[in-house]
Every structure is written in C-alpha cells, then in structure tokens.
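Below: the structure, in structure tokens.
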Amino acid sequence: MTIHAATFRSARKRLLQMHYESGVGHIGGNLSCLDALLVLHHEYMGPSERFILSKGHSAGALYVTLWSRGLLSDAQLSQFHRDGTLLAGHPPASGLPGIPFATGSLGHGLSLAAGTALALKLGRRSGMVYCLTSDGEWQEGSTWEALIFAAHHRLQNLTVLVDHNNLQGFGRTADVASMSPLAEKLAGFDIALQSVDGHDPEAIRAALDAPGNSCRVIILETQKGHGVSFMQDRMEWHYLPLKEQDYRRALQEIEAQ
Amino acid sequence: MRQQLCDALVLRSSRPDMVFLTGDLGFMALVPLQEAMGERFINAGVAEQNMISVVAALAREGMEAWAYSIAPFCYARPFEQVRNDIAFHNLPVKLIGNGGGYGYGVMGPTHHAIEDYGILLALPHMRAFVPAFDEDLKATIDRAGEASTPCYIRLGRGEVPAGYETPAYAPWRQLVQGGGMAVVAVGPVAGTYIEAFRALPEPLRPNFWVVSELPLDLNPMPADLLAHIRAGDGLCVIEEHVRRGGLGSEIALLMATQGISPKRFAHVHARAHHYATYGSQAFLRAQSGLDVDSVLAVVAEQQSEIT
C-alpha cells in the first residue's frame, strides 16, 4: 500500500516524541533512514520478506516504523530504553515482531542477511531479504566479506540498502577513513548497484522495483537529522538527547512540512 | 578423526535441511561430504567472520547448520560473531574446530587451540564436545546434530594402545580401574596414558576417566567417581588446555562448593602458546608436562603437591 506524506510526518513526530520522552540520542541516524524504512516496511515487506537492521543504532527508527505499521503499540514505544523493556537501544535478540537478530555491533548484519537469503534460496522459498547498513559500517572488513559472499552466490533475493549520510561517530566519513565515492568501490562487484535520493519516496520505490539478476545494492543518499533544520547534517545529533525547547521547535518544523 | 568426521557427516547428509560450511578447508578430507551434499556444501572462502554469521542465519531459518575450520579460525577470529549471532540467539549451530589443543604441532601457535572451550563455554548456551577416540565421532556428530543449543566440537587425533578396544561412547567413561588417585582427562590425550596406567601396580594404579562433553553442569561427574574422590587418594585433572577457563578450575570449584577435599589436587594443563622452539604435538605436550612420564610422576608421587 502506497504511503503518503502524512505517514512520514506522523512517524517522524513519533520518533522525536519517543526520543524526547526517553531522553536518549541517536536521533540523527534515525532520521536519515526513517523515510526508506517506512517505504520498505509499508510497501514491500510481506509475510515472506525479512529485514535485518545492520545499523542497529537506528533501532528507534525501526521501532517507530513497526509502530507505523501497527506492529508495535504506543504503550510499547513508551517503554523505549526503560528498565525491563524489549525496546532497547539496539534491536533485541527475540520478542519483537520483524526483528530476527540482535544487532548493534557493526559489520554483522549483511552476513546475517546473506545467510538468510541463502537459506531461502536453498529451501526454494520465496521472499526478499532486505538489509540496511550505515555508510561508516563499510569500514568493517566483515561487511566486505559479506558482499563478496552475496555477489559470488548471486543472491538475487538480497537487497542491501546503504544509509549514506556521510557522517559517522566522530567525524565525516570522508575525513575518518574515506571510501568516497562509495559507489565506485562497490561497482567493481558483480551486483546490481543503484544510487538514489534516500528522502524521495518515489526514487526509493523506483530503486526497490528495479529488477536485478544478482544481489542488489541501493545507496540511499541521505542526511543525518533529515527534516529538522537544526539537526540536519550535524554530527552532534548522533548523540544528543532532545531538550524541551528543541523538541517543540522540531515538531513545529515537521508540522509545517 | 577427520575421516570418521566425514563418514559421520555423510551419514547425516540426506537430511534436506542440513547445510555445511567450510572456511576453505577439507581438501582431501571432506570431498565425499561435498559430493554427498551438493549445493548444501558451501566453501565460504577465507572469510570466517562472514561464515559464522551466515551459519547463524541458516540456523535461524531452521536449517541444521554446521561450520568447519581449523579450530582457532572458527572461534578466535570470529569470536564476536559466535557470541552475538550464535550464542546470544541460542541458535543450534554446530562449530567444528580441527586440530584441537596442540594438534597442529610444528605449524605453530597461530594454529593451536589451547583456550578454545574455556573461551566458548564463557558464552551462554554453549556446549563443547571433545571426542576422545576415532570411534566416538558418530555419536559426537549425532549428539551435536540433535542439540538444540550451540555446540563446539574440538577434533583431535585418537591415540590408543595397539589392540585397544575402545569403550562405547559416553560423556564420561572409565578407562582404567584402580584404587589410587582419581584421574580425569579431557578428550584424546587420555588415550596416551592408558597403557602406562594399566601397568601401574595397586595401590598406585589410578581410577582413570575420560570426559568428552562440557560444561560440567550439563554433564555432571558420575556419582561413583565423586565417591572415589571423597574417599580416595586425591584427584588429578589433565587437559590440553590452558589453566584459566579449563576443566581443572571447574572441578576445583565443584569440590569447593560440595565440601569435598581431595587428599591432594593436581592439574596438568597446557602451559604456553609459545615455547622457546617449535615442535610436534608430542613435543609440546612434553613441554607442558602432559607427556606420559610427567603424568606418571604426578600420579605415582604420594607426597608432593603439584599445581
């Protein structure tokens, strides 16, 4: 089902509310991938599909996406980061629908996704496996091991999304350990590679609709903190919790969009 | 044990959900398995971190998933993948590490695995199998295959006296009956002592057991062995594994918590990854005091404490 602007707006507001109420950060990298997660989960994830969040620090965006689909309740979101919760800062090992693996240590998710895709392929089972990585995560050697494997085994049932927001934990990705341009590095593999505006739903759909006869990799050109002017492309919003004044201002901006 | 490993796996390989990954090892050894399994036998290449996460995902999707490499390359190189992706999710992956202990001998310490089960048993849900004899592999593979939790199998080299009739597999087996010290050895190194222990006269001849499954809390010590330790002439634990994290400290803890005070307690263990020079498994065992003569000196010595 095609989703519209109101769905994106309400998810963005709910994400900020959840982070504001729990007083935790990682907002910037949640806002950079939220649009793609919403399109993917609302429009492409059927009962046979699998999704693995390799950039586990965007658990908040995933929880809100699952909420947006009606798979998590407001009451569950209110438990984000609380004692006794399943909604931890990184995805839990079990207990939540649509979350097959506890991720959070970077460089695991793409291998887990490749293994899942291989299991479906060997079992002659249908369904696409989607995996969202960060861009800094491509500094992990294991991510490249996984890409070699996925390309070699021609895992056509695997689609990798890269949240290419150009910022990592302590600097710009290009300044820390540059792989720029990432697309050129990936292009040498036997994969179906695309780059799209990761905040344009139509562009995301077009990329997800494009057929591939090998593992598909979609680089989502994104911005950390997207949709909130004072967060956009700013590294500190990898970490900062929202103060009340910031929260109100961010909500107003989103309402006006 | 690789031949027996391959035979045992081939016997299981008709299961449609079984999948076997190797980290580019098994040339000349696993070819029959490769032929039997077809597309479900996967050489994952020289990329162990990926192999372990992939095998975790295969198990998560309900497959009977096995991964094979030289021992350190399947637990030390990809340790975080074992921890996060397998153990945290309690996935019934079966890891097979070839050349446990000093098995790779003169190939050097990069290939030795003398801290493997100590490290792995620190993880939740993990079980370790240390088959002692070549004939154990069928039972080991079947038990690991049926397990609902993660398993690590440490492969070694079966060593028994000529003409020795191997006792049927059990996690604990008595190999020599005697009224002397209780001696417990882990895995294949046990076979190297059988002849010498049998030849000892009473009352020195030890009550000798081999253990092939850990941890102790899932595979408790037999009651008659415990009784012997309570009443007898002391206890010696032998393992081709470093002291920290080994069975020796587990058994010492068991003794302490159960209020059992063996007359004396000796622990013979792998002492170092590096010695001054390199050498065979037998050479490295001797450097650690795991050779027959050193162990006989421990068992026959009534007076001095050895730790």
| Being surrounded by 24 or more Cβ atoms within 10 Å (Cβ to Cβ) and of a type in the set (D, E, K, R), is that true of even one residue in segment A:160-169? | yes
| Filter result for the condition that a residue is open to solvent by 60 Å² or more (accessible area, probe 1.4 Å), more than 18 Å from the chain's Cα centre (by Cα) and not basic (Lys, Arg), over A:SER195, A:SER178 | A:SER178
| In segment A:135-150, the residues that are open to solvent by less than 10 Å² (accessible area, probe 1.4 Å) and more than 12 Å from chain B (Cβ to nearest Cβ) | A:ASP135, A:GLU137, A:TRP138
| Residues of segment B:287-299 satisfying the condition of being open to solvent by less than 50 Å² (accessible area, probe 1.4 Å) and more than 17 Å from B:PHE197 (Cα to Cα) | B:SER288
| Can you tell me which residue in segment B:143-157 is surrounded by the most Cβ atoms within 10 Å (Cβ to Cβ), limited to those that are within 19 Å of B:GLY62 (Cβ to Cβ) and not hydrophobic (A, V, I, L, M, F, W, C)? | B:PRO150
| Among residues of segment A:74-125, those that are crowded, with 17+ Cβ neighbours inside 10 Å and hydroxyl-bearing (Ser, Thr, Tyr), counted | 4
| When you scan segment B:182-208, how many residues do you find that are open to solvent by 20 Å² or more (accessible area, probe 1.4 Å), touching a residue at least 12 places away in the same chain (Cβ under 8 Å) and over 17 Å from B:ALA270 (Cα atoms)? | 8
| said: Looking only at segment B:17-30, filter to residues that are open to solvent by 60 Å² or more (accessible area, probe 1.4 Å) and touching a residue at least 12 places away in the same chain (Cβ under 8 Å); which one of those is farthest from the other protein chains (Cβ to nearest Cβ)? | reply: B:ASP24
| note | Here, helices (runs of 4 or more DSSP H) confined to segment B:188-260 with at least 1 residues that are aromatic (Phe, Trp, Tyr) are B:194-199
| query | Quick one: is A:ALA207 modelled with pLDDT of 95 or more, among the small types (Gly, Ala, Ser), surrounded by 17 or more Cβ atoms within 10 Å (Cβ to Cβ) and over 20 Å from the mean Cα position of the chain (by Cα)? | reply | no
| All helices (runs of 4 or more DSSP H) inside segment B:31-144 with 2 or more residues being within 14 Å of chain A (Cβ to nearest Cβ) | B:48-60
| field | Index of the failed condition, A:THR116 passing every other in (1) among the β-branched types (Val, Ile, Thr); (2) part of a loop (DSSP other than H, G, I, E, B); (3) facing chain B (nearest Cβ under 8 Å) | value | (2)
| request: Kindly indicate which of A:ALA59, A:ALA150 is assigned to a helix (DSSP H, G or I) and touching a Pro at 6+ places or on another chain (Cβ under 6 Å). | output: A:ALA59
| query | Restricting attention to segment A:153-173, which residues are assigned to a strand (DSSP E or B) and more than 12 Å from chain B (Cβ to nearest Cβ)? | reply | A:THR159, A:VAL160, A:LEU161, A:VAL162, A:ASP163, A:HIS164, A:LEU167, A:GLN168, A:GLY171, A:ARG172
| request: From (1) more than 22 Å from B:LEU91 (Cα to Cα); (2) within 13 Å of chain A (Cβ to nearest Cβ); (3) of a type in the set (A, V, I, L, M, F, W, C), pick out the condition that doesn't hold for B:MET1. | output: (2)
| query | Going by the structure shown, is B:ALA8 under 17 Å from B:GLY97 (Cα atoms), at pLDDT below 95 and more than 14 Å from chain A (Cβ to nearest Cβ)? | reply | no
| request: Examine segment A:39-56 for a residue that is among the small types (Gly, Ala, Ser), crowded, with 23+ Cβ neighbours inside 10 Å and in a loop (DSSP other than H, G, I, E, B), and state whether such a residue exists. | output: yes
| said: Quick check on B:VAL160: is it of a type in the set (Val, Ile, Thr), within 18 Å of the chain's Cα centre (by Cα), open to solvent by less than 10 Å² (accessible area, probe 1.4 Å) and within 27 Å of B:ALA147 (Cβ to Cβ)? | reply: no
| task | Report yes if B:LEU226 is in contact (Cβ under 8 Å) with a residue 24 or more places away in the chain and assigned by TED's automatic domain parsing to the domain that holds B:VAL184, otherwise no. | result | yes
| message | So, A:LEU251, is that one of a type in the set (A, V, I, L, M, F, W, C), in a helix (DSSP H, G or I), in contact (Cβ under 8 Å) with a residue 24 or more places away in the chain and open to solvent by less than 60 Å² (accessible area, probe 1.4 Å) or not? | response | yes
| remark: How many residues of segment B:246-265 are among the small types (Gly, Ala, Ser) and closer than 23 Å to B:HIS112 by Cβ? The answer is 3
| task | Report yes if some residue within segment A:218-234 is under 18 Å from the mean Cα position of the chain (by Cα), among the acidic types (Asp, Glu), modelled with pLDDT of 95 or more and not in a helix (DSSP H, G or I); otherwise report no. | result | yes
| Out of all the residues in segment A:181-192, which are open to solvent by less than 30 Å² (accessible area, probe 1.4 Å) and either part of a helix (DSSP H, G or I) or over 18 Å from A:LEU110 (Cα atoms) (or both)? | A:LEU182, A:LEU186
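The values are calculated or read from the model by the stated rules, or taken from the named source; none is laboratory data. Everything numeric here is computed off the predicted structure, so don't read it as measured data. Heads up, the Cβs are rebuilt from the backbone with ideal geometry, glycines too, and the neighbour counts pull from every protein chain shown. In case anyone asks, the SASA skips ligands and DNA or RNA and just uses the protein heavy atoms, side chains included. Shrake-Rupley method; radii C 1.70, N 1.55, O 1.52, S 1.80 Å.
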